[in-house]
1. Return the Rg/Rh value of the range 1-134, two decimal places, where both radii are evaluated on C-alpha atoms and Rh is the Kirkwood radius.
2. Give the calculated FRET efficiency between residue 158 and residue 66 to the nearest 0.05, with a Förster radius of 35 Å applied to their Cβ-Cβ distance.
3. Which whole-number percent gives the relative contact order of the range 298-410, counting Cα pairs below 8 Å spaced six or more residues apart?
4. Give the residues of the range 108-152 whose amide nitrogen is closer than 20 Å to a point set 7 Å from the Cα of residue 26 in the direction of its Cβ.
5. Full-extension gain between residue 167 and residue 333, please, as 0.36 nm times their residue separation minus the C-alpha to C-alpha distance.
6. Compute the length gained on full extension between residue 43 and residue 303: take 0.36 nm times their separation in residues and subtract their Cα-Cα distance, giving the result in nm to one decimal.
7. Between residue 1 and residue 177, what length comes free when the chain is fully extended (0.36 nm per residue of separation minus the Cα-Cα distance, one decimal in nm)?
8. Give the calculated FRET efficiency between residue 310 and residue 79 to the nearest 0.05, with a Förster radius of 22 Å applied to their Cβ-Cβ distance.
């Protein structure tokens, strides 16, 4: 069959990449974008062999052969099959057991059944030499790929290199498309500074200080009422001291009105005022909260697609695996994960900027989907079966923090 197959020894590929980029073969020293890596392997294999890809086999070790988070993400990717050997610890070092034997068996079986015309081997293990020779005897062209060695020398078996039909080196430029060395502290890149209003929300008072803030507001509001100023910022009729203008009990988290007061500074260091016709709206699981009889959402905002509309069936499987294995369930993290997926799948990048202009309001459809997603992790349900306001606040803060990164980058001044 005129197709190519790629057999990847993950221990070799990622260990050699770590040596090249971080100076030591520990995979904990690098971060890997597995989607980009698989895409790069497929593209390179089809280009080098001139054949369409049949499948990528990913061979790796795992404790007790139990799939790790990266294996669960990989196995739901198109044209990827994961084969796991054992991972054992000896003399303080981890070692793979059974991976080379599994690669040998797969290589010889593919060649014997004429399942492909070309095989790409990404490995350096000399134990695969008998399998390589067997594949050649069955008429299969064997392409051997190496990762650029950190010291400029070989990091593959010399016999394996000599026996291969074609040889290629995956250099640093190719590797860094999907693999990065971790900085000290495990941070891969500096975090973009948020907008002033985002920073204000993230530094809003926690439940411990909310009572004090509420008491301070309670003492300030009577003085403001004497000057004819109501809580909504408009002139209040004389003598109007309705229940709506009284101090409300502290909820433990900033209210929408508190968030509005935390907007970025205006002129002369004053808080930036709302436009005269502005109203404060905040989305919730029950729908939009409208005040002052304001109209509903703008048509272009209401038309923004939901994450479900942007997600394919294959992506749903991958999302589910990621949720199970890597998302811890922290409210702030949940909001970030949801926003990150939504941004990545938007067909029009301008939609993010459009949504950013709605800050701090999240469109009703998207906000409802966000809260339903959070509910999968047991969030929102308080011990007395009431909605946990602090969780809702943290979920939305995480969402806005992730939205803020691309919009801030778009407006960053170009370096000279």
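Computed from the coordinates by the stated procedures, all read-outs in this text should not be read as laboratory data. What you see is a predicted model; the values in this text were computed from it and never measured. Glycine also receives a Cβ, built like all others from the backbone with ideal geometry; neighbour counts cover every protein chain displayed.
1. Values: Rg = 14.8 Å, Rh = 15.4 Å.
Ratio of gyration radius to Kirkwood radius for the range 1-134: 0.96.
2. 0.50
3. 39
4. Flagged as within label range: 150-151.
5. 55.4 nm
6. 90.0 nm
7. Extra length from residue 1 to residue 177 when fully extended: 60.3 nm.
8. It comes out at approximately 0.50.
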